[in-house]
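**Q** Structure provided below as structure tokens; questions to follow.
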Amino acid sequence: MAEPTGGRPLLQVEGVVKRFPIRRGVLRGAGAVHAVEGVDLAVGRGEVVSLVGESGSGKSTLGKCITGMIRPTAGRIHFDGVEVSGSSRGARGNFRRRVQPVFQDPRSSLDPRWAIERTIREPLDAFRIGNKAARAARVRELMDLVGLPAHLSQRKPSELSGGQQQRVAIAAALALEPDLLVADEPVSALDVSVQAQILNLLADLRQRLGLALLFIAHDLSVIEHISDRVAVMYLGRIVESGTVSEVFTDPRHPYTRALIDAIPRPDPTQRMSRTRLIGEIPSPVNPPSGCRFHPRCPVAIGVCSQDDPQQTTFSSQHRAACHVAAAQTASLSELPHERAWL
Amino acid sequence: MSDSLLEFRKVSVDYAGRGGTVSAVTDVSLTLIEGETFGLVGESGCGKTTLSMALMGLLPDIASVRGRILFNGSDLTTMTESQLRELRGDRISMVFQDPATSLDPTFGIGSQVADTIRAHGDVSRKQAKDRALGLLAEVGIPAAAERYADPPHRLSGGMRQRVVLAAAIANNPALLLADEPTTALDVTIQAQILDLLADLQRRHGTTILLIAHDLGVVAQICDRVGVMYAGQLVEVAPVAELFARPRHPYTRALFDALPSGSHQAGALRVIAGQVPDLAHAPTGCRFKDRCPSRLAECDETPPLAMSDSGASIACWLDPATRAAGGLGPLAIAGESNG
Ligand SMILES: Nc1ncnc2c1ncn2[C@@H]1O[C@H](COP(=O)(O)OP(=O)(O)OP(=O)(O)O)[C@@H](O)[C@H]1O
Ligand SMILES: Nc1ncnc2c1ncn2[C@@H]1O[C@H](COP(=O)(O)OP(=O)(O)O)[C@@H](O)[C@H]1O
Ligand code: SF4
Ligand SMILES: [Mg+2]
Ligand SMILES: [Mg+2]
């Protein structure tokens, strides 16, 4: 994937592969789930990069590799120039503080027995940061930062709304002053109006703290507002990446176009006119040959079922892996006034 | 005048919870016309599911229902459990957000569709199976015969929702109640299921009550839309009218909070304040504490009243509401030569 502009990226993922051996069923021992198959991705300091794709495309698995919750099968992950994917405990310990995960369902990531004050304080206790008074002050500061009124501090998660619970999870993730948040569908379980509040909060934290964000989503509509760059993932691969405006206004990969078309527009005068993506994402145990998208692709050509398309570069940031997009770019240079797509 | 299939008349539902009585639905009056797709929208907790469960007679014991719910003229609220059971899955069927709640994990998907057919019709096992196979194909299950005996967990979420739909339409219901049927699905699969719903509606003329919180979903397949806020129905309008001219301040706030689709910087608009606690619901308009245009009369409940545009609004700013509530036109501040 394209580099963030300027300087060494905060996070650099190169050729990361994650395969899960199959332990049950008829395929036991014989095969593996190819959840992530050679991903390159970079996130700059203070940058917001979104990772989108249907469920099962490998987004969460990649996110877990990045936060160190699981080990990649192959590939390298550098954080601030230091390799963290395989290396020494020391480097990892420091890295763990600087990269924090936030999950989709705050109910399952928060301890139901603990008052939220304790949940937010927990990382400070674990890393023995400051004395008791300093920790209490820091908890108040964090609650304030995420917009939680102080009077809620003794409430249990069940006594809070979904939006408030997600604020608690974000406050706890911020306790150790990380440089990068890996947020896996942090608003998918929330109401539209509450989604907007949490998206605003994340944008605001990025402004105020210079925090970088890898924002995982299955829905393109929520990321457009908040992202600098977007990477689209399909069946373990990044199929297109670019700046948010490149990906939204000039998508090159048919899968990206299908994802954009599938957003139900809040406009009854524009109904069902767009093409539908047929079928479902195939099993990552036996991914299709050639381009992994070819069985569902509306514009596939002969070569698509045989050759794996390489990334074609469209601009300094914009890339896509598609035979047809690559061919159209070639013809486009001869016909400069034609639009790139259909 | 078109025929009404379902009519809610001043329906209220309270839950006698430990923390006090929750007024989940308050005085909702609404008529569904035969053959239409009606969308019910509103934020989480505003009473959409409660209203639909009241219609199905599936509320928990701690709930009490007031008002009348007329289906083809008969009052569902006074029917016995066995009368209701006869209607459910037959004249009225349902689809929920989580297909797991509708399917039995231990039985094959095909036999679950066939069972629905046999429960309400005098058909042989063989006939039911043939019809179930036809239905599975109709809702887009590939190789339906091979998958007939598969338990639900072998299927993806989207395929399970198709099976639930096959069972739901098996007996040609007059009314299909779909409570967030696509919320748990990917957008790509959601688009397929919405197409399928629209298609089933067109072919069978089924009346659909679609509950959703996503205005995009409603825009795509509904004919009319009702907006609920904190247990009250605040606006009902033909879909084109609602999206072109949302009138109730809450409806407008909902539209403003949509991620606009512009990748420009700047904060998304949000609705200030919180949904009121329905155990201590405020009197009058329940939106008043968050409303940017609150008036003195908002301490009284505004009646839902229909205007010339075909839209009904329950808001004291609206001329039709004011007329229905016996109030004069609103004096507009700064207006001269009124
Ligand atoms: N069994 C119950 N006991 C007590 N209160 C309940 C019960 N079920 C629902 N409520 C309350 O009734 C109100 C309406 O809930 P309901 O589930 O109908 O909302 P909804 O609009 O369907 O929300 P969602 O979009 O989250 O599905 C809420 O305040 C809710 O907390
Ligand atoms: N622990 C695991 N063991 C086996 N397969 C897994 C595991 N975690 C994820 N997978 C599989 O890897 C693929 C990618 O999953 P995931 O990363 O969760 O995708 P996404 O987050 O995009 O929905 C899926 O097919 C999923 O079933
Ligand atoms: S490479 Fe071929 S199959 Fe793959 S996305 Fe492009 S056109 Fe479609
Ligand atoms: Mg995931
Ligand atoms: Mg509900």
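**Q** (1) away from chain A (no Cβ under 13 Å); (2) over 26 Å from residue B:65 (Cβ atoms): which one isn't true of residue B:207, the others all being true?
**A** Single failed check for residue B:207: (2).
**Q** So how many residues does region A:303-342 have that are more than 21 Å from residue A:248 (Cβ to Cβ) and modelled with pLDDT under 95?
**A** Here the count works out to 8.
**Q** Please note which helices (runs of 4 or more DSSP H) are completely contained in region A:32-133 and include at least 3 residues that are farther than 17 Å from residue A:180 by Cα, of a type in the set (A, V, I, L, M, F, W, C) and in contact (Cβ under 8 Å) with a residue 40 or more places away in the chain.
**A** Filter on region A:32-133 gives A:116-126.
**Q** Now for a separate question. Collect the residues in region B:184-212 that are within 16 Å of ligand 4 (Cβ to nearest atom) and not acidic (Asp, Glu), keeping them in residue-number order.
**A** Scanning region B:184-212 gives B:184, B:185, B:187, B:188, B:189.
**Q** Applying the selection to region A:291-311, what residues are in a helix (DSSP H, G or I) and in contact (Cβ under 8 Å) with a residue 12 or more places away in the chain?
**A** Scanning region A:291-311 gives A:295, A:296, A:303, A:304, A:305.
**Q** How many of the residues in region A:164-194 are over 18 Å from residue A:226 (Cβ atoms) and small (Gly, Ala, Ser)?
**A** Qualifying residue count, region A:164-194: 3.
**Q** Pairs please, first residue from region A:242-260 and among the hydroxyl-bearing types (Ser, Thr, Tyr), second anywhere and within 16 Å of ligand 3 (Cβ to nearest atom) and in a helix (DSSP H, G or I), Cβ atoms under 7 Å, 6+ apart in sequence or on different chains.
**A** A:256/A:247
**Q** Kindly state which helices (runs of 4 or more DSSP H) lie completely within region A:190-290 and contain at least 2 residues that are closer than 23 Å to residue B:182 by Cα and either touching an Asp or Glu at 6+ places or on another chain (Cβ under 8 Å) or within 12 Å of another protein chain (Cβ to nearest Cβ) (or both).
**A** A:192-209, A:220-223, A:254-262
**Q** Quickly run through region B:11-26 and pick out the residues that are among the polar types (S, T, N, Q) and at pLDDT 95 or above.
**A** Correct list: B:12, B:26.
**Q** What residue, of B:118, B:160, is over 24 Å from residue B:83 (Cβ atoms) and of a type in the set (D, E, K, R)?
**A** After applying the criteria, what remains is B:160.
The values are calculated or read from the model by the stated rules, or taken from the named source; none is laboratory data. In this text, all values refer to a predicted model and were calculated from it rather than measured experimentally. Counting neighbours? That spans all protein chains shown, and the Cβs are built from the backbone with ideal geometry, glycine included.
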